[in-house]
1. Taking other Cβ within 10 Å of each residue's Cβ, how do Ile163, Ile8, Ile141, Ile202 sort, fewest first?
2. What's the local net charge at Ile150, with K and R +1, D and E -1, over the other residues with C-beta under 11 Å away?
3. List the aspartates and glutamates whose Cα lies under 17 Å from the Cα of Lys223, skipping any in the same chain that are fewer than 8 positions away.
4. Using a 7 Å offset from the Cα along the Cα-to-Cβ direction at both Phe38 and Lys219, what is the distance between the two label points in nm, to one decimal?
5. Can you give the alpha-carbon Rg of the range 1-66 over 2.2 N^0.38 Å, where N counts its residues?
6. With a length cut of 24 Å (Cα positions projected on each helix's long axis) and a Kyte-Doolittle mean of at least -1.0, go through the chain and give me the DSSP H helices that pass.
7. For the chain, what value does the Rg/Rh ratio take when both radii are computed over Cα atoms and Rh is the Kirkwood radius, given to two decimals?
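Quick note: the coordinates plus some simple rules give every number you see, no bench work behind them. As the structure is a prediction and not an experimental result, all values here were calculated from the model. Don't worry about glycine lacking a Cβ; one is built from the backbone with ideal geometry, like all the others, and counts go over all protein chains shown.
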Amino acid sequence: MIPIKDIIPRRETPFVNYILILINTLVFLYEVSLPPDFLNRFFYIFGLVPARYTHPEWAYFAGLHMDNYWPFFTNMFLHGSWFHLISNMWTLFIFGDNVEDRLGHFKYLIFYILSGLAASFTHFIFNADSVVPAVGASGAIAGVMGAYFIMFPHSRIVTLIPIFFFPFFFEIPAVVFLGFWFFSQIISGTFTVIVNQNASGIAWWAHIGGFVFGMLFHKLFKKNNDYYRDYFPDELLYRYFR
């Protein structure tokens, strides 16, 4: 399922969301400018490698400092491929603007960062022995999706579903779309724990941790309704989303 757009109109320009997309894009453009060997080292230094903190001997051999905790933050601005970047930024573009509307610009930035940190720590807990760098904004974006899941239960997501190579478009309730996505992360994450490996290379538990953080803690960042601008006349249809 590929999300195309949601039906919720935003009230303000999502400056922070645009800036986050820009930063992620600029960092990736820097990544692709690096020679392969330098890029691999770049991922090990700024990506989240759990074994860096759980296996001192390996970390020393790999030239990684155990007392550097910045990777829990910096990993959320790195991406491994164009597809990885575009899919993450497209998802952030669809869901982030409405969440920023509800939280306000500064609180949304803090919420996004904390969601990413929650995702990083969750990944670390469930993959403590991994020597593979975890990179990507998807954990932080999962936090945004978790907040959207709770705040916009009546929203609908225009979704592209290819059937026998033919594209079909459906309006799917946001609670169904995001609920199915979250359930699939739990199933996949649980499977990796049972078999004790992650062949797909996807940080399932980072997604789960970010989503749960977004669901549980978004209310701490939500601004009072008095700070919302009024809807424009052509937006009256959407008042019940408030």
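1. Numbers: Ile163 7, Ile8 22, Ile141 31, Ile202 17.
By the 10 Å Cβ count, ascending, the order reads Ile163, Ile202, Ile8, Ile141.
2. Numbers: positive: Arg102, Lys219, Lys222; negative: none.
Overall, the nearby charge balance is +3.
3. Glu12, Asp97, Glu100, Asp101
4. Output for this residue pair reads 5.0 nm.
5. Working: Rg = 18.4 Å, N = 66, 2.2 N^0.38 = 10.8 Å.
In units of the 2.2 N^0.38 Å rule of thumb, it is 1.70.
6. Working: long enough: 15-32 (26 Å, 1.84); 82-103 (30 Å, 0.27); 105-126 (32 Å, 1.22); 174-195 (31 Å, 1.90).
Helices meeting the criterion: 15-32, 82-103, 105-126, 174-195.
7. Values: Rg = 18.8 Å, Rh = 18.9 Å.
Ratio of gyration radius to Kirkwood radius for the chain: 1.00.
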